[in-house]
Amino acid sequence: MNKKVTKIGVLTSGGDAPGMNACVRAVVRTALFEGYEVYGIMRGYQGMLDDDIIKMESRSVANIIQRGGTILKTARCKDFMTPEGRKKGYENLRKRGIDGLVIIGGDGSFRGAQIFSNEFDIPCIGIPGTIDKDIAGTDFTIGFDTAVNTAIEAIDKIRDTADAHDRLFVIEVMGRDAGYIALHSGIATGAEHILIPEKKTNINEMVDSLLEKERRQKLVNLVVVAEGDDFGGGNEVGKVIREKLPNADVRVCILGHIQRGGAPTCLDRLIASRMGYAAVECLKEGRDNVMVGIVNNRMHYTPLDHAVKAKQKISEEWLKIVKILAS
Ligand code: ADP
């Protein structure tokens, strides 16, 4: 057991994700309910170093559960990667007596939290807030469901115009290292091909399959590509298809940042609320260096170390389903 926590700091770090606000709200209100003082640290670790830290009350998180983005703002902070930077951050926490931290972010943020916690004996609890869903130890990450639903809405609209003109669309979705948004949105919109970073792209095989479809007059085709696909993303894939299928009317659409914004879905609000609550309970129970997750609908606690090292794997079954359903 660690020493008893009395004041909790909460921050959002790394890439923003819809639902982070709902999670901040849950952390603040649970902490107050449990009798802790709670502080919001602005712009992730940067605010910790800059001493940009504000006391939170119940009203501070009113009317934010439905909002995308994060009221605490988020940032990437190079100085936190240095021992001097982290020491400065620690001193700013100590000044206020903050002795427990909740970090809502992705694997990079957890890496930082782990190092910080080991150096300064401040228990750190991670909450997975990332649209990429690329963290082990949880079935959900905050923001993924919203991002994938935004992608679906956009791809459905693209399908309408593809159908009206008999066009082949290459649609790039977010996912630099993880293909979950591409995989889920592609299956849910009936894409013919889904290209993800986790699987080497066989461009010739895809072109052959599109040529075969062209021969049988299947002219509406959607190819969903994760931005981090090894072939080079939507533009590169579009270029090759244009070259190899000169008769096809090929368009490329990069969905981009719309996938990060917007009101969180019901699922994201629920998991954000549950995880925020559980993170404060973790500090109360004396846990340290763990990530709060949900596995099989139950709270699940994973050492931060494991959460950042073991990426979630994409099951072969998903990939098989793509092939069978897109014939
Ligand atoms: P995400 O949390 O979304 O994966 P990043 O990878 O950008 O986002 O990480 C967010 C921040 O976490 C970084 O800007 C940095 O301040 C901190 N961080 C990441 N990796 C480390 C590390 N190895 N050591 C210390 N801090 C780190």
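Assorted remarks:
- Of the numbered criteria (1) without any contact (Cβ under 8 Å) to a residue 60 or more places away in the chain; (2) within 16 Å of the ligand (Cβ to nearest atom), the one Glu57 fails is (2).
- Residue among Ser58, Ser117 that is closer than 21 Å to Arg25 by Cβ, assigned by TED's automatic domain parsing to the domain that holds Gly276 and not acidic (Asp, Glu): Ser58
- Selection over region 22-56 of residues that are part of a loop (DSSP other than H, G, I, E, B) and open to solvent by 10 Å² or more (accessible area, probe 1.4 Å) gives a count of 7.
- Out of Ile98, Ile115, Ile135, Ile65, sole residue that is under 19 Å from Met291 (Cβ atoms) and in contact (Cβ under 8 Å) with a residue 60 or more places away in the chain: Ile135
- Within the option set Asp51, Asp79, being over 12 Å from Ile104 (Cβ atoms) and more than 12 Å from the ligand (Cβ to nearest atom) holds for one residue only, Asp51.
- Residues being assigned to a loop (DSSP other than H, G, I, E, B) and open to solvent by less than 10 Å² (accessible area, probe 1.4 Å) - total across region 204-237: 1
- Failed criterion for Cys23 (all others in (1) within 19 Å of the chain's Cα centre (by Cα); (2) more than 15 Å from the ligand (Cβ to nearest atom) hold): (2)
- Boolean, Gly19 is farther than 20 Å from Phe110 by Cβ, in contact with a Pro (Cβ under 6 Å, 6 or more places away or on another chain) and touching a residue at least 60 places away in the same chain (Cβ under 8 Å): no
- In region 273-294, the residues that are more than 17 Å from Gly129 (Cβ to Cβ) and touching a residue at least 24 places away in the same chain (Cβ under 8 Å): Glu281, Leu283, Lys284, Gly286, Arg287, Asp288, Asn289
- Residues that are open to solvent by less than 10 Å² (accessible area, probe 1.4 Å), more than 24 Å from Arg260 (Cβ to Cβ) and part of a helix (DSSP H, G or I) were ranked within region 100-128; the one that is nearest to the ligand (Cβ to nearest atom) is Phe116.
- Residue within region 189-203 that is over 25 Å from the mean Cα position of the chain (by Cα) and in a helix (DSSP H, G or I) present: yes
- Test: Gly14 is open to solvent by 10 Å² or more (accessible area, probe 1.4 Å), in a loop (DSSP other than H, G, I, E, B) and in contact (Cβ under 8 Å) with a residue 12 or more places away in the chain: yes
- Hits in region 129-155 - residues which are surrounded by 24 or more Cβ atoms within 10 Å (Cβ to Cβ), of a type in the set (A, V, I, L, M) and within 15 Å of the ligand (Cβ to nearest atom): Ile131, Ile135, Ile142, Ala147
The values are calculated or read from the model by the stated rules, or taken from the named source; none is laboratory data. Predicted, not measured: the structure shown is a model, and the values here were computed from it. As a convention, Cβ positions derive from the backbone with ideal geometry for all residues, glycine included, and neighbour counts pool all protein chains shown. Just so you know, the surface numbers come from the protein's heavy atoms only, side chains and all, with ligands and any DNA or RNA stripped out. Shrake-Rupley method; radii C 1.70, N 1.55, O 1.52, S 1.80 Å.
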